[in-house]
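Asker: Below: one structure in structure tokens.
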Amino acid sequence: MPVQSAYQEEKKRLTGVLAEIRRQLEAIGPRYTGDDFTEQMLDVQRGKRIERLETAYREPYFGRLDFQEASSDRPVPLYIGKSGVSGPGRDELLVIDWRAPVASMFYSFAGGDGPASYESPEGEVTGTVHLKRNLVIRDGELIRMADSYTRGQDEALVTDEFLLYRLGENKDNKLRDIVSTIQAEQDRIIRADKNKVLFIQGVAGSGKTTVALHRLAFLLYRYADRVRASRMIIFAPNRMFLDYISGVLPELGVGDIRQTTFEDWTIELLRNEVRAADPADTLHDWFERPRSAADLDSASGRWKGSRAFVALVEERLREIEASFVPQEPFEPVEGMRLQPETMRQWAETDYGAEPIMRKRERLVNRLRRWLETELKDRKWTDRSIRSKALSRLNAFVKKMPSYSAPQAYRTMFEGKRAAAVPDKRIVTETVARLKKGIAAEEDLAPLAYIHIRLYGLDQPPFDHIVIDEAQDYSPFRIEALKLCQRRPSMTVLGDLQQGIHGYAGVRSWREQMELFDDEDVQYYELDRSYRSTMEIIEFANRVLAGMDGGVRPAVPVFRSGEPVEIERTEPENWLAAVEESVRSWQAEGRYKTIAVIGRTARECALLHERLAAGGLYAALVESSQPSYGGGLTVVPVYLSKGLEFDAVVMADAGEAAYGDADAKLLYVGCTRALHRLKLLYRGRLTRLVSGG
């Protein structure tokens with residue numbers, strides 16, 4: 001069919017679909033405002049349906065797949081959207097939800113005249129694809145149409161025009177869904193079985209964060225009878241990143257999934273018994289001064305996050321559990337005795353699966369009931385005897401140690417246990433912090449683990465956990481989160497090439513994967529970068545050249561752009577050069593988001609001050625920042641991870657700023673750029689770029 005005729009056909013169908021959506025909206029009627037509980041619950045469902053239909057009215061679908069089942073004599077056009085839309089007929093579907101089994105072919109089919117198939121609840125369905133078409137609809141208007149496959153057409157002439165079109169769009173201050181451009185390798189991850197721990201190694205710009213969010217939406221659809229959004233949780237690296245990704249799930253029609261940081265979650269879990277140290281302190285200690293690879297091995301966070309430290313903590317918890325079971329008989333009144341063997345049996349047999357301090361609480365309650373029963377059976381009603389017995393019980397209970405998580409954790413650094421700590425500075429610094437009620441970042445995982453082992457969880461176990469930037473998670477953090485599930489169900493994602501927090505994180509995914517049984521683990525590697533141009537990705541790969549990261553380098557999608565610029569500037573003209581770069585890009589009017597990425601917070605403060613003095617409004621990103629507002633931004637390189645900008649100026653790529661140990665840091669900065677990258681430098685250019 002000629003392109004113009006096909007376009008008119010699609011416009012006609014769109015008009016009909018929009019009319020049906022509008023009819024369904026009008027048929028719902030007014031919202032309920034009364035006090036009847038049943039009607040209120042029904043109205044909640046009506047409200048959700050209204051929201052889905054209103055979203056569908058703006059963008060009802062994004063794809064079309066003409067599929068002919070093997071048992072059928074003709075192809076059927078299937079329209080794929082973010083949510084399903086039924087037609088006026090009872091069994092008619094105008095739009096198929098992207099998460100439905102049949103919709104998987106839209107993502108997995110890569111062309112060719114061979115058979116296509118999908119897994120339905122009844123089994124495998126095979127057939128033939130006749131057409132795969134991408135559609136862009138905005139506010140009810142058909143904006144663009146691109147056929148990526150037409151049966152019988154010369155495929156050598158077909159390119160993924162639609163993907164390149166979407167990748168070429170400018171970005172704003174929020175991450176967006178990729179439901180219309182999900183690639184086959186991403187779709188396999190999204191649709192993987194729930195009861196697995198998925199480890200996703202994804203290069204910068206591979207879409208791993210978005211894939212994980214889409215996976216949550218898929219799990220809620222596929223396992224609707226077994227999982228709840230309220231029992232899912234997303235762990236992000238910081239609050240600014242949480243704000244950046246906050247729009248994806250609502251766009252997919254998913255709500256009620258908690259999105260937090262490990263720090264905030266732990267402090268809440270501990271019921272604010274401690275407060276978190278200022279994250280700026282850790283960042284300043286690590287990133288605001290010269291460092292070497294040797295610093296990684298000596299960092300206390302590496303030791304406190306290790307499996308060896310997990311073993312020491314677990315040993316201490318066993319000691320605590322044994323300590324509250326009395327080793328001597330309880331004799332509240334002469335002639336009335338409870339032997340320690342009986343109390344030990346109660347604790348070990350009757351309460352075996354309980355958290356440690358709950359076992360203690362139940363044992364104390366059992367002692368009280370035993371005493372009441374004995375007094376009643378022996379008919380000892382004398383008040384003085386009863387008072388004496390209760391007094392002895394209270395004294396006996398006081399000898400049964402009770403701990404909060406911070407108290408138990410502190411004992412790890414006291415007495416003979418302190419000898420197991422490899423560096424005495426760790427002992428003195430940790431104890432000093434805990435005395436003030438402060439927990440450093442490296443203390444959070446042990447505290448969370450200890451609290452759960454002592455007191456359990458206040459809420460039901462998580463159905464699914466997403467951990468973003470997981471290369472910065474120690475094995476101990478993973479161990480703590482394992483305690484929050486009955487059965488492992490996690491999506492763990494990150495990039496070892498962006499592991500800039502090596503003082504606390506892992507250097508190999510094996511460090512985390514080996515915490516689970518082999519049959520529970522699946523590993524995926526996403527090496528295609530959809531974010532940046534070929535020029536930027538190839539340049540960034542050279543920065544990491546020679547590093548043995550154990551993962552494949554990024555492979556750019558064929559999207560060419562401006563060459564990466566490298567410009568030397570004299571120290572006295574450095575700030576002016578940065579300002580001029582920003583001004584020239586803004587004058588071009590091609591970029592919605594521009595970032596000036598500095599090496600340190602102090603450097604960024606100077607850059608921000610200079611831009612402001614020149615009349616250029618820019619947001620200055622700091623460690624405690626809750627949100628990212630887009631536009632012109634000045635950000636330290638170590639806070640830029642996870643963000644993306646249309647254009648990036650690396651303010652100073654000199655040798656003094658980026659030494660041999662800073663390759664991952666420079667790589668992170670360079671890969672924030674989608675379309676344009678420029679590196680300024682003072683003095684000598686870093687050897688990570690020059691190779692000298």
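Asker: Can you list residue pairs whose Cβ atoms sit under 7 Å apart, with the first residue in the stretch 44-58 being aliphatic (A, V, I, L, M) and the second being surrounded by fewer than 14 Cβ atoms within 10 Å (Cβ to Cβ)? Count only pairs 6 or more apart in sequence or on different chains.
Answerer: From residues that are aliphatic (A, V, I, L, M), the pairs are Ile50/Ile28.
Asker: Hey, another quick one. Determine if the stretch 19-28 includes at least one residue that is touching a residue at least 12 places away in the same chain (Cβ under 8 Å), over 30 Å from Met145 (Cα atoms) and in the same structural domain as Lys82 (by TED's automatic domain parsing).
Answerer: yes
Asker: Let me ask something additional. Is at least one residue of the stretch 324-332 touching a strand residue (DSSP E or B) at 6+ places or on another chain (Cβ under 7 Å), buried (at least 17 other Cβ atoms within 10 Å of the Cβ), more than 16 Å from Ala480 (Cα to Cα) and not assigned by TED's automatic domain parsing to the domain that holds Leu515?
Answerer: The answer is yes; a qualifying residue exists.
Asker: Could you list all residues from the stretch 194-236 that are charged (D, E, K, R) and touching a residue at least 40 places away in the same chain (Cβ under 8 Å)?
Answerer: Lys194, Lys196, Lys208, Arg215, Arg222, Arg226, Arg228, Arg231
Asker: Turning to a different aspect of this structure: Please go through the stretch 597-620 and pick out each residue that is surrounded by 20 or more Cβ atoms within 10 Å (Cβ to Cβ), within 18 Å of Glu579 (Cβ to Cβ) and within 29 Å of the chain's Cα centre (by Cα).
Answerer: Result: Ile597, Gly598, Arg599, Cys604, Ala618.
Asker: Being of a type in the set (A, V, I, L, M), in a helix (DSSP H, G or I) and surrounded by fewer than 16 Cβ atoms within 10 Å (Cβ to Cβ), is that true of even one residue in the stretch 73-84?
Answerer: Looking through the stretch 73-84, none of the residues is of a type in the set (A, V, I, L, M), in a helix (DSSP H, G or I) and surrounded by fewer than 16 Cβ atoms within 10 Å (Cβ to Cβ).
Asker: Based on what the data block shows, is Ser402 assigned to a loop (DSSP other than H, G, I, E, B) and closer than 30 Å to Met336 by Cβ?
Answerer: yes
Asker: Please work out if Ala116 is modelled with pLDDT of 90 or more, crowded, with 17+ Cβ neighbours inside 10 Å and over 24 Å from Arg52 (Cβ atoms).
Answerer: For Ala116, the condition - modelled with pLDDT of 90 or more, crowded, with 17+ Cβ neighbours inside 10 Å and over 24 Å from Arg52 (Cβ atoms) - is met.
Asker: Further question: Which fully enclosed strands (runs of 3 or more DSSP E) of the stretch 620-692 have 3 or more residues being at pLDDT 90 or above and closer than 18 Å to Ala540 by Cβ?
Answerer: 645-650, 673-681
Asker: Has the stretch 383-406 got any residue that is among the small types (Gly, Ala, Ser), modelled with pLDDT of 85 or more, in contact with a helix residue (DSSP H, G or I) (Cβ under 6 Å, 6 or more places away or on another chain) and under 30 Å from Leu447 (Cα atoms)?
Answerer: The answer is yes; a qualifying residue exists.
Asker: If you take the residues of the stretch 182-211 that are modelled with pLDDT under 90 and over 22 Å from Ala673 (Cβ atoms), which of them is surrounded by the most Cβ atoms within 10 Å (Cβ to Cβ)?
Answerer: Ile182
Asker: Just for the stretch 256-270: of the residues that are assigned to a helix (DSSP H, G or I) and in contact with a strand residue (DSSP E or B) (Cβ under 9 Å, 6 or more places away or on another chain), which one is surrounded by the most Cβ atoms within 10 Å (Cβ to Cβ)? Break it down stepwise before answering.
Answerer: Taking the stretch 256-270 first, the residues assigned to a helix (DSSP H, G or I) are 262-269.
Then keep just the ones that are in contact with a strand residue (DSSP E or B) (Cβ under 9 Å, 6 or more places away or on another chain); that gives 262-268.
Numbers: Phe262: 20, Glu263: 18, Asp264: 16, Trp265: 18, Thr266: 25, Ile267: 19, Glu268: 11.
Only one residue fits best here, namely Thr266.
Asker: Which of the residues that make up the stretch 170-220 are out of contact with any helix residue (DSSP H, G or I) (no Cβ under 6 Å at 6 or more places or on another chain), in the same structural domain as Trp509 (by TED's automatic domain parsing) and of a type in the set (Val, Ile, Thr)?
Answerer: Val203, Thr209, Thr210 - these are the residues of the stretch 170-220 that are out of contact with any helix residue (DSSP H, G or I) (no Cβ under 6 Å at 6 or more places or on another chain), in the same structural domain as Trp509 (by TED's automatic domain parsing) and of a type in the set (Val, Ile, Thr).
Asker: Given the criteria of a type in the set (Phe, Trp, Tyr), without any contact (Cβ under 8 Å) to a residue 40 or more places away in the chain and not in a loop (DSSP other than H, G, I, E, B), does Tyr107 qualify?
Answerer: No; evaluated as a whole, the condition is false for this residue.
Asker: Can I ask one more? Any residue in the stretch 508-524 that is of a type in the set (D, E, K, R), touching a residue at least 60 places away in the same chain (Cβ under 8 Å) and not in a helix (DSSP H, G or I)?
Answerer: Looking for residues that are of a type in the set (D, E, K, R), touching a residue at least 60 places away in the same chain (Cβ under 8 Å) and not in a helix (DSSP H, G or I), one finds none in the stretch 508-524, hence no.
Asker: Would you be able to say whether some residue in the stretch 597-605 is out of contact with any Lys or Arg (no Cβ under 7 Å at 6 or more places or on another chain) and under 21 Å from Glu185 (Cβ atoms)?
Answerer: no
Asker: Another one. Quick one: which helices (runs of 4 or more DSSP H) lie wholly within the stretch 190-255 and hold at least 2 residues that are farther than 30 Å from Pro556 by Cβ?
Answerer: Here the list reads 208-222.
Asker: Report, ordered by the first and then the second residue, all pairs with beta carbons closer than 6 Å, sequence separation of six or more or different chains, a first member in the stretch 630-651 that is outside the structural domain of Asp472 (by TED's automatic domain parsing), and a second member that is acidic (Asp, Glu).
Answerer: Gly630/Asp172
Asker: Take Asp382 and tell me if it is assigned by TED's automatic domain parsing to the domain that holds Lys482 and of a type in the set (Asp, Glu).
Answerer: No: the conditions fail for Asp382.
Quick grid of which residues meet (1) within 36 Å of the chain's Cα centre (by Cα); (2) part of a helix (DSSP H, G or I); (3) of a type in the set (D, E, K, R):
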| residue | (1), (2), (3) |
| --- | --- |
| Glu39 | no, yes, yes |
| Thr55 | yes, yes, no |
| Leu65 | yes, no, no |
| Ser71 | no, no, no |
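Asker: Can you work out which of the residues in the stretch 221-246 that are buried (at least 16 other Cβ atoms within 10 Å of the Cβ) and of a type in the set (Gly, Ala, Ser) is farthest from the chain's Cα centre (by Cα)?
Answerer: That would be Ala229.
Asker: I've got another one for you. Please count how many residues of the stretch 413-438 are closer than 15 Å to Arg302 by Cβ and either among the aromatic types (Phe, Trp, Tyr) or not assigned by TED's automatic domain parsing to the domain that holds Glu273 (or both).
Answerer: 0
Asker: How many residues, within the stretch 33-72, are surrounded by 13 or more Cβ atoms within 10 Å (Cβ to Cβ) and in contact with a strand residue (DSSP E or B) (Cβ under 8 Å, 6 or more places away or on another chain)?
Answerer: Residues meeting the conditions: 14.
Asker: Met41 fails exactly one of the following numbered conditions: (1) modelled with pLDDT of 90 or more; (2) farther than 22 Å from Asn134 by Cβ. What is the number of that condition?
Answerer: With (1) modelled with pLDDT of 90 or more; (2) farther than 22 Å from Asn134 by Cβ applied to Met41, the lone miss is (1).
Asker: Name the residues in the stretch 426-456 that are touching a residue at least 60 places away in the same chain (Cβ under 8 Å) and assigned to a loop (DSSP other than H, G, I, E, B), would you?
Answerer: Selection gives Gly437, Ala440, Gly456.
The values are calculated or read from the model by the stated rules, or taken from the named source; none is laboratory data. Since this is a predicted model, take the numbers as computed values, not measurements. Note that each Cβ is placed from the backbone with ideal geometry, even for glycine, and that neighbours are counted across all protein chains shown.
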